[in-house]
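Enquirer: Below you'll find the structure I mean.
Where a number appears in this text, it was derived from the coordinates with a stated rule and is not lab data. Worth saying up front: this structure is predicted, and the values here are computed from it rather than measured. As a convention, Cβ positions derive from the backbone with ideal geometry for all residues, glycine included, and neighbour counts pool all protein chains shown.
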Amino acid sequence: MDDVGRSPALAEEALLGLLVPFWQVVIGAVVLVAVVMSIGRLARRGPSRMTTALLVTAAAIAGFALLGVLLQG
């Protein structure tokens, strides 16, 4: 009787384990789109003192996110 009670929980954990990498990809894609859009907006505005700092920060965030995804797998 104990085995019957454990089966649904194991099935739920297995399903969640399959979905977690998918959600990480979705979140990463949304962040990437936001960064690309912000870089495009900054580029259209022309040069400013903050452009370089913002681009470096965005590249660092994207790089750390990519590194985290690659090292996790």
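Enquirer: Roughly speaking, what is the stretch gain from residue 62 to residue 32, that is 0.36 nm per residue apart minus the C-alpha to C-alpha distance, in nm to one decimal? List each step's numbers first, then the result.
Expert: Details: separation 30, 0.36 × 30 = 10.80 nm, distance 0.70 nm.
Contour length minus Cα-Cα distance gives 10.1 nm.
Enquirer: Over region 21-72, what lengths in whole Å, largest first, do the semi-axes of the equivalent ellipsoid take, defined as the square roots of 5 times the eigenvalues of the alpha-carbon gyration tensor? Can you show the working numbers first?
Expert: Details: eigenvalues 126, 31, 4 Å².
They are 25, 12, 5 Å, listed largest first.
Enquirer: What FRET efficiency comes out for the pair residue 44/residue 13, r = Cβ-Cβ distance, R0 = 30 Å, nearest 0.05?
Expert: On the way: r = 47 Å, r/R0 = 1.57.
Step by step, r from the Cβ atoms, then E = 0.05.
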